[in-house]
Number of protein chains: 2
Amino acid sequence: MNRDSAVSWDRSRTGTVKDVTRNKDLVAAFADRLERRDWPAFGELLDPDVVYEIPQTRERIEGRDRYVTFNAEYPGDWHIEPQVVLGDEHHGSLLFRWTLGGDTSLAIAFFEFHEGKITKITDFWPESYEPPPGREHLVERW
Amino acid sequence: MNRDSAVSWDRSRTGTVKDVTRNKDLVAAFADRLERRDWPAFGELLDPDVVYEIPQTRERIEGRDRYVTFNAEYPGDWHIEPQVVLGDEHHGSLLFRWTLGGDTSLAIAFFEFHEGKITKITDFWPESYEPPPGREHLVERW
């Protein structure tokens, strides 16, 4: 009996409330275990065939082992501080503050889940830019 | 009696399930009415004191009228196609494909809600960039 996949894909069942809670918890645990560099516990959140993508660079990493290695090898004393954690039956989202050395910025990850594991991570690293002209009459800047 | 704010801020009440559905619907309606340029209907989703921010440019727009005007004046034949819509009692998230002329990219908005209206929008416009060296042994590119 595969209870997990049944509740994941049938929104009419009451089990979806548990599923939403569980997937949101997965997103929170992802941020927490990454920040703590607890690689065995981090790996437990991931499907063996997890796919990680950065659309901005068109980079893709396939498989849990390679993706854990990518994070473990990521250089510098970086830190992750969650700002918003969201999850439903199928998708999750994380807005986080990323700090490395003296630099800090906001970054975003979206997630997909299957049977209590993360199967897909799509990561975004927005950079600062100057606004186009023409909207100064509506906008203030900080 | 202010039923809406009570269910928004008390997670122990069963009303939160309705609240989650409503806030997720707000995010979906935001994308739909923006795409259709239905400015009166778009404005109905927004709190009069809504705040819109772009952290990458440090731009802020305060108030429903100015924010509707900002969108109505945004130049070009742009289109929005939602990819992921998420919402809970307090926050929402939208991953969308943005198309303008021959260019297409993914962009993200996060939302805050109060009493069935959108009170805050935080928008991200990630641009393409070249990946740093040192991770070629883990990554493929598309």
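The values are calculated or read from the model by the stated rules, or taken from the named source; none is laboratory data. Since this is a predicted model, take the numbers as computed values, not measurements. Glycine gets a Cβ as well: all are built from the backbone with ideal geometry, and neighbour counts include every protein chain shown. The area values use the complete protein model at the heavy-atom level, side chains included, leaving out ligands, DNA and RNA. Shrake-Rupley method; radii C 1.70, N 1.55, O 1.52, S 1.80 Å.
In the range A:100-114, the residues that are within 12 Å of chain B (Cβ to nearest Cβ) reach residues that are among the small types (Gly, Ala, Ser) and open to solvent by 60 Å² or more (accessible area, probe 1.4 Å) with C-beta atoms within less than 9 angstrom, at least six apart or across chains, in these pairs: A:105/A:128. For residue A:138, the test of being part of a loop (DSSP other than H, G, I, E, B), at pLDDT 95 or above, among the hydrophobic types (A, V, I, L, M, F, W, C) and open to solvent by less than 70 Å² (accessible area, probe 1.4 Å) is passed. Just checking, how many residues over the range A:67-121 are hydroxyl-bearing (Ser, Thr, Tyr), surrounded by fewer than 20 Cβ atoms within 10 Å (Cβ to Cβ) and in contact with a strand residue (DSSP E or B) (Cβ under 8 Å, 6 or more places away or on another chain)? Matching residues across the range A:67-121 total 4. Tell me yes or no: at least one residue of the range B:115-123 is of a type in the set (Ser, Thr, Tyr) and free of Cβ contacts under 8 Å to residues at least 60 places away in the same chain. No, because not a single residue in the range B:115-123 is of a type in the set (Ser, Thr, Tyr) and free of Cβ contacts under 8 Å to residues at least 60 places away in the same chain.
So in the range B:45-80, with the set limited to residues that are free of Cβ contacts under 8 Å to residues at least 24 places away in the same chain and closer than 20 Å to residue B:97 by Cβ, which one is farthest from the other protein chains (Cβ to nearest Cβ)? Ranking the qualifying residues of the range B:45-80, first place goes to B:78.
For residue B:19, are the conditions met, namely being over 20 Å from residue A:132 (Cβ atoms), assigned to a helix (DSSP H, G or I) and open to solvent by less than 20 Å² (accessible area, probe 1.4 Å)? In short, yes. Within the range B:81-96, which residues are modelled with pLDDT under 95 and farther than 19 Å from residue A:96 by Cβ? Scanning the range B:81-96 gives a single hit, B:89.
Just wondering, is there one or more residues in the range B:39-59 that are modelled with pLDDT of 95 or more, on the phi > 0 side of the Ramachandran plot and exposed (fewer than 13 other Cβ atoms within 10 Å of the Cβ)? No, every residue in the range B:39-59 fails to be modelled with pLDDT of 95 or more, on the phi > 0 side of the Ramachandran plot and exposed (fewer than 13 other Cβ atoms within 10 Å of the Cβ). Looking across the range A:122-135, just one residue is surrounded by fewer than 17 Cβ atoms within 10 Å (Cβ to Cβ), over 14 Å from residue B:53 (Cβ atoms) and hydroxyl-bearing (Ser, Thr, Tyr), and that is A:129.
Can you tell me which of B:42, B:30, B:70 is aromatic (Phe, Trp, Tyr) and within 28 Å of residue A:23 (Cβ to Cβ)?
Values: B:42 fails: within 28 Å of residue A:23 (Cβ to Cβ); B:70 fails: within 28 Å of residue A:23 (Cβ to Cβ).
The conditions single out B:30.
Output yes when any residue across the range B:106-113 is more than 20 Å from residue A:131 (Cβ to Cβ) and of a type outside the set (D, E, K, R), and no when none is. Even if it seems obvious, please write down each step before you answer.
Within the range B:106-113, the subset more than 20 Å from residue A:131 (Cβ to Cβ) is B:111-113.
With the extra rule that they be of a type outside the set (D, E, K, R), the set shrinks to B:111, B:113.
Yes, that holds for at least one residue.
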